[in-house]
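Engineer: I am attaching a structure below and will ask some questions about it afterwards.
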Amino acid sequence: MSVWSDSKISNSTFLLTGFPGLEKHYPLISIPFSCIYVMVLAGNFLVLHVIRTEPSLHEPMFFFLAMLALTDLCMGLSTVHTVLGILWGLSQEIGLNTCIAQTFFIHGLSGMESGVLLAMAFDRFTAICNPLRYTTILTNARIIKIGVAIFARSFLSITVPIVRLKFFYYCRPHILSHSFCLHQDLLRLACSDIRFNSFYALALVICVTFLDSVLILISYALILKSVLAIASQEERLKSFQTCVSHLCAVLVFYIPIIGLTMVHRFGKHLSPVVHVLMGNIYILFPPLINPIIYSVKTQQIRSKIKRWFTLKNN
């Protein structure tokens, strides 16, 4: 371990932490993680393929769902090589440039997920509160603009602080506390002036994740008000059912974020394994669960998948 503690070592290599104290169990731990990654990739590929090949799904709600599935798919691809590389005993080392690239994609995709969930909330708000103008408000051209805006906000906003990581001097032991690279993890190892990155990251969390969650909450307050004004109980239930999948996706995204924040803030006494596990839940839980939610709760997708399996069985 002394080689990693030497303050004069190169800035170019870091050591990723797997599950401290459980190294001898890595072959066993790798089995569920490998299954999770297969399910993440297969589930999101399936959702994208169904939406692409089924003309009846070429409408705003499913275009946003395709954006969500693509984001989740990329999140899985951005971390699979380091997580399974550690568990399979291939390598725990990662170069600085690769680490920074992974940091860029993880944080950018997290911002994308938040933005897409906000866009989906706007879609449900428009469909329920302003149904007669739904198709004129959410045109294909406008959906493309929303997608481009979400992408630009998510990745351009983090470019400056992520690029600055390249020029920091990392004099502390080059040991990262997760199985992948995160912005705050690299800052912890730097001996350069990190105040800009720290304040910028906090401002970004407030302006993106927190603001998005507030806007989603407001949209559902307005949806609830509109639905309760409907006289027919059957119509109320039908309106609520169109929101169930999205509400589940919102909870699946924000609950791990809250849990990880609480662990980092108040869980200093907890085992390092808990921190690593929460980090993996934050990264993998939404991409794993979202395809299941939408396959089970969305009638059109469920019907298409059933038809496929019926044809194959016949």
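Here, each number is a calculation from the coordinates, and none is a lab measurement. As the structure is a prediction and not an experimental result, all values here were calculated from the model. Note that each Cβ is placed from the backbone with ideal geometry, even for glycine, and that neighbours are counted across all protein chains shown.
Engineer: Which order do the peptides 130-136, 253-259 come out in when sorted by mean C-beta neighbours inside 10 angstrom, highest first?
Structural biologist: 253-259, 130-136
Engineer: Whole-Hz Karplus ³J(HN,Hα) for region 255-263, in order, using 6.51 cos²θ - 1.76 cosθ + 1.60 and θ = phi - 60°, x for Gly and Pro?
Structural biologist: Once θ is set to phi - 60°, the couplings for region 255-263 become 4, x, 4, 5, x, 5, 5, 5, 5 Hz.
Engineer: I would also like to ask the following. Taking only pairs that are 8 or more places apart or on different chains, how many Lys pairs in the chain have Cα atoms under 24 angstrom apart?
Structural biologist: For the chain, the number of qualifying lysine pairs is 9.
Engineer: Same structure, new question: Neighbouring Cβ atoms within 10 Å as the yardstick, rank Tyr26, Tyr169, Tyr294, Tyr220 fewest first. Let's see the in-between values first.
Structural biologist: Numbers: Tyr26 15, Tyr169 11, Tyr294 24, Tyr220 19.
By the 10 Å Cβ count, ascending, the order reads Tyr169, Tyr26, Tyr220, Tyr294.
Engineer: How far, in degrees from 0 to 90, does helix 60-87 lean away from the longest principal axis of the Cα atoms of the chain, to the nearest 10?
Structural biologist: So the inclination is approximately 20 degrees.
Engineer: Within 10 Å of each residue's Cβ, count the other Cβ atoms and sort Val227, Val50 from fewest upward.
Structural biologist: Listed from fewest to most nearby Cβ atoms, that is Val227, Val50.
Engineer: I would also like to ask the following. Can you give me the long-range amide H partners of Glu93? Hydrogens built in the peptide plane at 1.01 Å from N, cutoff under 5 Å, separation of 5 or more residues or another chain.
Structural biologist: For Glu93, whose amide H was placed from the backbone, the distant partners under 5 Å are Leu16.
Engineer: In whole Å, largest first, what are the principal axis extents of the Cα atoms in the chain?
Structural biologist: 70, 50, 36
Engineer: Given an 8 Å cut-off on Cα distances and at least 6 residues of separation, report the relative contact order of the chain as a percent. Before the final figure, lay out the partial values.
Structural biologist: Working: 337 pairs, mean separation 87.8, N = 314.
Relative CO of the chain lands at 28 percent.
Engineer: Restricting attention to the alpha-carbon atoms of region 197-314, what are Rg (one decimal) and Dmax (integer), both in Å?
Structural biologist: Cα radius of gyration and Dmax of region 197-314 are 19.3, 60 Å respectively.
Engineer: Rule-of-thumb check for region 6-85: C-alpha Rg over 2.2 N^0.38 Å? Could the numbers behind the result be given before it?
Structural biologist: Numbers: Rg = 18.4 Å, N = 80, 2.2 N^0.38 = 11.6 Å.
Taking N as the residue count of region 6-85, the ratio is 1.58.
Engineer: Here's a follow-up. Arrange the following residues from fewest to most other Cβ atoms within 10 Å of their Cβ: Val273, Val263.
Structural biologist: So the residues, fewest neighbours to most, are Val273, Val263.
Engineer: Now for a different question. Compute the separation of the alpha-carbon centres of region 175-245 and region 274-305 and state it in Å as a whole number.
Structural biologist: Cα centres, region 175-245 to region 274-305: 17 Å.
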